[in-house]
Amino acid sequence: MQMVTLLRPELRSRGLSRSLTQKWRQIRLARGLERQWSKSEILEAYLNLLTFRGELQGIRAAASILFEKVPHGITEPEAAVLAVLIRGPNASLETVRRRAWAVGRARGDTTAAEEVTAAVTRAFGDQASMGPRVSLAPHAAQRLAGQFLAATTVPSTLDGNLQRLATQALQQHLLAVRERQVHDGAVLVADSETGEVLAYVGGSGDLSTARYVEGVQARRQTGSALKPFVYGLALERRLLTPASLLEDTPLDVAVGGGLYRPRNYDERLRGLVTMRTALAASLNIPAVRTLEQVGADSFVLQLRRLGLEGAVERGEYYGLALALGSVDASLWELVNAYRTLANGGVWRPLRLARGQDSATPTRRVYSKATAFLLSYILSDRESRSPTFGLENPLATRFWSAVKTGTSKEMRDNWCIGYTQRYTVGVWVGNLSGEPMHNVSGITGAAPIWLDVMAWLHRTVPSHPPSPPDGVIASQVVFADDIKPARLEWFLGGTELPGSGVQRFGGLPRRLVPASGTLIALDPDIPPAQQRLVFEAETRGTDLRWVLNGQDLGPASSPLLWEPQLGYHAFTLVDGGRRTLDTVPFMVRGAERLPSP
């Protein structure tokens, strides 16, 4: 009968009253449970749904938070403490101790008093009462208090049950990986359509070494979490399509006085990959090449439009490492940036206070078509598999689009994604700034993200978005079978004309100079004698050279260019002005040596 009231809270009695109708419904549902479930299944569900104290729901959460153990690892005195909490979850410390002693004596345990006292002390320290150790959403309350200084009460948009679930999911997973030097995390859940914040877990509570620091609003390095927005800008400008072939090959980029060589997370190189695979599998080198094409300054402006207010410098300050997350952002900002994709490319602010003015500012960052393509790629389990495999915490049983990120030295990791209705973001790391030990986005934040998403969609379905106007599906066949044929989505006008079968061969390649070349001019040689030669293997196609946005003519023959000081990018484009390759390089001057 108690199990029925846990499943159906509306059937609980109010005070001393209980109607005959209510009692009859309880009996009928209880008999239905006994017909469908075994005794052990009913007991398991009962223990998982019980509220032991405050926000601690379920035997696993209670054992983890109170004793830092899994349920099968607790001792008999600890089990006695948990048992009496079922009867009185908010009883005084002395009442809990006395009742637990009675449980021990009933079992014939003569040492129950000492062991129970020790168990109570381990669970609650020297507290004089069993009041809640932390409020359900302290960081959210603090944020609301700061926004509404004159208000005595502020109704929030938070869902209490979801807040408890997210808190427990975070704490339980952090306990599981704490030996890898992981202490902190944060979870943010939003209704994608309304922007209402449904869960706001700003920290890991007692597990944290900095429990009063706000994890949702703290800005941290973003890692690969920014990659969808790099590719989104390239798609929006029609520089790339999901079927475009990108090089996952060694790349040297001029940085300061030397070269920067990006590497993939798994240290592997895959040669030619489609843009779809490059994004879904989170490959670093193609992302850097794509940022070369769109430009760091343009991408910084795009990040600001997405609400990342920490992107305050010019592109040259961040360099091409910007594609890999060299700009800082908060979980609040990143969740809303991904929510922009869920909403068809339109950015709107999040709302934590219920009843806030719905006439909030909005801006379109991406077209509906571009947002659809990005969502379609981020939900592609097969294209994700070269890096993550087919079975991983990102592979949900319902439609979802998701991306992970890990900052350098594993100081931060992220998992942010959305379904048809919700956007969920998780950050895991250390607020002290200490690195974690071999914990990435897929092993740190992703399991928590999956737990929250699975709970949200335990009864609510999630379906993929319908293709909007402006996108076209076309069969893609690659020349020489370098990639399997597939049906692909394109922005209208970026698909190749013809019968509907798109044939993508190997890319025309630039031969000289190499990407990332650093050129130092000799002051004793006339500039005209130091001209650079650019050559491309055009394979008979109509290609043109573009220098810093200026058309320099056909690429069918070598181009001689008199170097000018500064950072430059030579780009190879086809007849439709689509970028095929970019050669970034730096030209520096040199002082004359004094005469001997």
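Odds and ends about this structure:
- Direction-averaged projected area, Cα convex hull, segment 357-434: 7.9 nm², rounded to one decimal.
- When peptides 362-370, 285-293 are sorted by average Cβ neighbour count within 10 Å, with the highest value leading, the order is 285-293, 362-370.
- Cβ-based exposure ranking for Ser40, Ser383, in which fewest neighbours within 10 Å come first: Ser40, Ser383
- Gap separating the Cα centres of segment 360-379 and segment 390-409, nearest whole Å: 19 Å
- Which of Ala281, Ser298, Ala243, positive extreme of dipole for segment 234-319 (C-beta unit charges): Ala243
- Pairwise centroid distance, computed over Cα atoms, of segment 554-568 with segment 307-326, Å: 28 Å
- Counted charge near Val187, where neighbours are those whose Cβ lies closer than 12 Å (Asp, Glu -1; Lys, Arg +1): -1
- Least to most buried among His568, His437 (fewest other Cβ within 10 Å first): His437, His568
- Whole-angstrom Cα spans of segment 290-406 along principal axes, big to small: 41, 41, 26
Each reported figure results from applying straightforward, stated rules to the coordinates on display, with no laboratory input. Here the structure is a predicted model, which is why all the values come from computation and not from measurement. Glycine also receives a Cβ, built like all others from the backbone with ideal geometry; neighbour counts cover every protein chain displayed.
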